[in-house]
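Only one structure is covered here, and it is reproduced in the block below.
The values are calculated or read from the model by the stated rules, or taken from the named source; none is laboratory data. Remember, it's a predicted structure, so these values are computed and weren't measured experimentally. Cβ atoms come from the backbone with ideal geometry, glycine included; neighbour counts cover every protein chain shown. What goes into the accessible areas is simple: the full protein's heavy atoms, side chains included, and nothing from ligands, DNA or RNA. Shrake-Rupley method; radii C 1.70, N 1.55, O 1.52, S 1.80 Å.
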Amino acid sequence: AANAPQTIWMYYGNAKAPASGNGQQVFDPDYTLVYHFAEANAPARDTTAYGNNAGAVVPAADGAVIGRGAQLGEGPLPLPASASLAQQAGAPFTFSAWVKPAAPAGEQALYSRREGEAELLIGLANGAPFVQLNGQRSTLAQPIPEGQWAHVALTASEGTLQLYLNGRAIAELPGALPAFTGAPVVGGDGPRATPPLGNFNGAIGG
């Protein structure tokens, strides 16, 4: 109850204490992938009940906004082509990540899905976030300053894509998402891109 006192106990100093977190109880079934990048020298582990662990090991980025992040640039972070990550046509979708561009020049992909003629891209154009749906790209807003953390999010629902930067809506595209069943990519473009966007060069956090 809001008016009842609560006690929070904190224990520390025991490096051998087992982890007691349970992401399956924290995130409801609408969350299909959550990375905290807490694992060093191992693929990022999905905290949700779906187990959508990353398909590659990427260097760690210490000192992210919330704990450890991942350093991208040499290669993207492939996600699994699982049933839980499949996108039904017109279904709602949300992407959210903290990003810190290291070299924002050119066009870089933060998230991509491509199948046939269908595409969904979230990227940066000289540091400015954009969303692209089936060849239609949103107008560019202000760029993210090099070396600074920023929160980028996309929501898709009721036939509209809304792009956010640090909690503020910066762009909107009409259209519903197509169906996707293949593997998404974080920090890089899909294999069907012609020409592909460059890999995101910077750090990413959950």
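Each of S157, S84, S112 has its accessible area taken with a 1.4 Å probe; listed largest first, they run S157, S84, S112. L177 sits among other residues whose Cβ lies under 12 Å from its own Cβ, and their net charge, with Lys and Arg +1 and Asp and Glu -1, is -2. Using only the Cα atoms of segment 28-116, build the gyration tensor, take square roots of its eigenvalues as a ≥ b ≥ c, and label the shape rounded, prolate or oblate: rounded if a/c is under 1.5, else prolate if a/b is larger than b/c, else oblate. Cα axes put segment 28-116 in the oblate bin.
Heavy atoms of the protein chains alone define the surface here; on that basis segment 3-140 has 60 Å² accessible area per residue at 1.4 Å probe size. In the elastic network of the chain, a GNM with C-alpha springs shorter than 10 Å, the most mobile of V26, V65, V57 is V26.
For segment 97-206, GluC sites (Glu not before Pro) meeting the loop criterion (DSSP other than H, G, I, E, B) and having at most 12 other Cβ atoms within 10 Å: E117, E158. Applying 0.36 nm per residue to the separation of Q136 and A15 and subtracting their alpha-carbon distance, the gain on full extension is 38.5 nm. Taking the chain as a Gaussian network of alpha-carbon nodes connected by springs under 10 Å, the highest mean-square fluctuation of the residues A17, A128, A86 belongs to A17.
Ignoring the sites themselves, what is the longest stretch of the chain with no trypsin sites (Lys or Arg not before Pro) in a DSSP loop and at most 15 other beta-carbon atoms within 10 Å?
Formally, the longest exposed-site-free interval is 17-191.
Each label point was placed 7 Å from the Cα along the Cα-to-Cβ direction; for N53 and T160 their separation is 4.0 nm. Between the exposed loop cleavage positions of the chain, defined as chymotrypsin sites (Phe, Trp or Tyr not before Pro) in a non-H, G, I, E, B DSSP state with at most 11 neighbouring beta-carbon atoms within 10 angstrom, the longest gap is 13-206. Each Lys and Arg contributes +1 and each Asp and Glu -1, all at the Cβ; summed about the Cα centre of segment 34-163, the dipole is approximately 120 debye. Taking amide H atoms as placed 1.01 Å from N in the peptide plane, the amide H of A176 has no partner under 5 Å among residues 5 or more positions away or on other chains. Expressed as a whole percent, the accessible surface of segment 1-135 that belongs to carbon and sulfur atoms is 52, based on a 1.4 Å probe. Largest GNM mean-square fluctuation across N41, N52, N126, computed for the chain with C-alpha springs under 10 Å, falls on N41.
Estimated purely from DSSP H runs of n ≥ 4, each contributing -39500 (n - 2.57), the mean residue ellipticity at 222 nm for the chain is -500 deg cm²/dmol once divided by its residues.
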